[in-house]
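Below is one structure, written out as structure tokens; comments come after it.
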Amino acid sequence: MVVAMSVGLHFSAAHSSLRAMEKIICSAPFSRASSGFAATKPFRTLSRRLSSSGTTIIPRAAPVTDVEDGNQGETDTIPTPVVIIDQDSDPDATVVEITFGDRLGALLDTMNALKNLGLNVAKANVFLDSSGKHNKFSITKADTGRKVEDPELLEAIRLTIINNLIQYHPESSSLLALGAAFGLLPPKEQVDVDIATHINISDDGPDRSLLYVETADRPGLLVDLVKIITDINIDVESGEFDTEGLLAKAKFHVSYNGKAIIKPLQQVLANSLRYFLRRPTTEESSF
């Protein structure tokens, strides 16, 4: 089921590079694959690889007047941009959905930019509703033909889409948290991380649990979330990561030793996420 949303325990030097990657997203493979996101238990394997992995450059958006065959509509109320990365609905492909009112066209440049990440991109369908035109794509890795399971590559997909959105629709910059990193106009208001962060964990059958996280968006957030989860030996099976304006909302199907997460471990996971999603501390900013 696709939920349309309004979307580690010890961070090493590798994490510092993730926090600073406003324009660079690493794409190292994770240690072993699962049905939706690459499982990262133990995540220490990734930490050792980050410094030597290849990188994908996400350039800062430049002022442009062209639109990807869409309607500029500058005199209208600017709609909230939405980017959904769905790992649940298709077992064989990663489904991406992009919405920005009725302003988006064929998105050929966005498709080409995603192909430059080593991906096969096929237009799945387009549908209209009260929120605008929804553009869906099916994405697989070009070298394997399989869906994308590496959280770092999924994050690169997300940032590539957002960067292109800002490039061709500069008016979206002030409505996106990543507008400060990639855009011409940063958001007029900043989201208070402590207030915006909400975490809920519930059973989703006997063999897995459903983790829901809502928080302020930032570059590298998807990678951070998976790292926090897998650092306490919880497996991430599949999920969905949504970006809507200044917020990010994620749902993950998670398990521990093939079973749903018991209440004490749920509390550990929730506490870990709250701790590392809060606003930067004095210790971090002093270096």
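When the residues of segment 178-211 are filtered to those that are more than 19 Å from the chain's Cα centre (by Cα) and assigned to a helix (DSSP H, G or I), the one that is nearest to VAL268 (Cα to Cα) is ASP194. From the list ALA142, ALA156, the one residue that fits, being over 20 Å from THR77 (Cα atoms), touching a strand residue (DSSP E or B) at 6+ places or on another chain (Cβ under 6 Å) and surrounded by 22 or more Cβ atoms within 10 Å (Cβ to Cβ), is ALA156.
I'd like to check something: does segment 265-277 contain any residue that is small (Gly, Ala, Ser), under 20 Å from GLN87 (Cβ atoms) and in contact with a strand residue (DSSP E or B) (Cβ under 9 Å, 6 or more places away or on another chain)? Break it down into steps so the answer makes sense when it comes.
If we filter segment 265-277 for residues that are small (Gly, Ala, Ser), which is where we start, we get 270, 272.
Cutting the leftovers down to under 20 Å from GLN87 (Cβ atoms) gives us none.
No, every residue in segment 265-277 fails to be small (Gly, Ala, Ser), under 20 Å from GLN87 (Cβ atoms) and in contact with a strand residue (DSSP E or B) (Cβ under 9 Å, 6 or more places away or on another chain).
With respect to the conditions (1) over 18 Å from the mean Cα position of the chain (by Cα); (2) open to solvent by 40 Å² or more (accessible area, probe 1.4 Å), LEU175 falls short on a single one, namely (1). Residue count for segment 178-198 under the criterion of being out of contact with any Pro (no Cβ under 6 Å at 6 or more places or on another chain) and open to solvent by 40 Å² or more (accessible area, probe 1.4 Å): the result is 10. Taken over segment 199-223, the criterion of being surrounded by fewer than 16 Cβ atoms within 10 Å (Cβ to Cβ) and modelled with pLDDT of 95 or more is satisfied by ASN200, SER202, ASP207.
For segment 106-135, the set of residues classified as open to solvent by 10 Å² or more (accessible area, probe 1.4 Å) and outside any strand (DSSP E or B) consists of ALA106, LEU108, ASP109, MET111, ASN112, ALA113, LYS115, ASN116, LEU117, GLY118, SER130, SER131, listed by residue number. Kindly indicate whether GLU237 is modelled with pLDDT under 95 and closer than 23 Å to LYS147 by Cβ. Yes, satisfied.
The values are calculated or read from the model by the stated rules, or taken from the named source; none is laboratory data. Bear in mind that the values here come from a model prediction, so they are computed numbers and not experimental data. FYI the Cβ positions are ideal-geometry reconstructions off the backbone, even for glycines, and counts take in every protein chain you see. Calculation scope for accessible area: heavy atoms of the full protein, side chains included, ligands and nucleic acids excluded. Shrake-Rupley method; radii C 1.70, N 1.55, O 1.52, S 1.80 Å.
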